[in-house]
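Throughout, read-outs are computed from the coordinates displayed, never taken from laboratory work. Quantities reported herein were computed from a predicted structural model and do not represent experimental measurements. Cβ sites come from the backbone with ideal geometry, for glycine too, and all protein chains shown count toward neighbours.
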């Protein structure tokens, strides 16, 4: 049972465009929603995270939009750059920290120059 | 400040053998979590240790075990290796246990089981 569903699986965006990755969850016990970026040969690195009492969080070119009633959240990368080409994972964690992070399957993002 | 280090970076074993992977967390971090990453299943939580105690465990068989030492360094062990255990094993450290503590990942140990 996949608790966090991520789409699309792969995404190609032109340089300067907006990259949008979506995630949906079922378990209302989730209380923390981070996004990770992973480059080949490296471990995932935290990009930005949000709690369910906030509908949007922005850090630089990265924005998380969160819709608690729809149980969906998304990552927007503004002014996408070739250096943003990587695999992106959404994740969720239950309140109390039980069970560790539950990850989506990942989105392979390619930014074309 | 040095990041999370994992050793070895690459490992080749045969079916039936056992393997031990090591993780050194960021200085001052007391919580260590382990994850398995495969192309088919993605990233899956194995277990978390805090103050030398296993706090949480994911849905993995008992062949997967771990421990944490008093200096917060952690090891995970996989016994009776199976072909399906081939994966990238990632260690993540955080200052403390708890849902909002940011987890910093190491580069992983790539395990190949032949």
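How do the peptides A:37-43, B:48-54, A:9-15 rank, highest first, by the average count of neighbouring beta carbon atoms within 10 Å per residue? Intermediate values should be presented prior to the final figure.
On the way: A:37-43: 14.6, B:48-54: 17.6, A:9-15: 13.0.
Answer by packing, highest mean first, reads B:48-54, A:37-43, A:9-15.
If I model a spin label at residue B:86 and residue A:3 as a point 7 Å from the Cα along the Cα→Cβ vector, what separation in nanometres do I get?
Output for this residue pair reads 2.9 nm.
Within 10 Å of each residue's Cβ, count the other Cβ atoms and sort B:78, B:99 from fewest upward.
Values: B:78 25, B:99 18.
Least crowded to most crowded, the residues run B:99, B:78.
With each pseudo-label sitting 7 Å past Cα toward Cβ, what's the residue B:5-residue B:112 distance in nm, one decimal?
Distance between the two pseudo-spin positions: 2.5 nm.
Please work out the Kirkwood hydrodynamic radius for region B:6-95, using every pair of different C-alpha atoms, and report it in angstroms with one decimal place.
Details: mean 1/r = 0.0754 Å⁻¹.
Hydrodynamic radius (Kirkwood, Cα pairs) of region B:6-95 is 13.3 Å.
Averaged over peptide B:99-110, how many Cβ atoms belonging to another chain are found within 10 Å of each residue's Cβ?
Per residue, the number of nearby Cβ atoms from other chains is 5 on average.
What ranking do B:9, B:67, A:93 get, fewest neighbouring Cβ atoms within 10 angstrom at the top?
Details: B:9 12, B:67 15, A:93 24.
So the ranking, lowest neighbour count to highest, is B:9, B:67, A:93.
Sticking with the crude label model, points 7 Å out along Cα→Cβ, report the distance from residue A:46 to residue B:77 in nm, one decimal please.
The two pseudo-label positions are separated by 3.1 nm.
Ranked by Cβ crowding within 10 angstrom, fewest neighbours first, how are B:85, A:84, A:79, A:53 ordered?
Working: B:85 21, A:84 18, A:79 12, A:53 8.
By the 10 Å Cβ count, ascending: A:53, A:79, A:84, B:85.
Using only the Cα atoms of the protein assembly as shown, build the gyration tensor, take square roots of its eigenvalues as a ≥ b ≥ c, and label the shape rounded, prolate or oblate: rounded if a/c is under 1.5, else prolate if a/b is larger than b/c, else oblate. Intermediate values should be presented prior to the final figure.
On the way: a/c = 1.77, a/b = 1.47, b/c = 1.21.
Judged from the Cα gyration tensor, the protein assembly as shown comes out prolate (a/c at least 1.5, a/b above b/c).
Using only atoms on other chains, find how many Cβ atoms lie within 10 Å of each Cβ of peptide B:43-49 and report the average.
Values: counts 12, 4, 7, 1, 1, 5, 0.
So the per-residue partner count for this stretch is 4.
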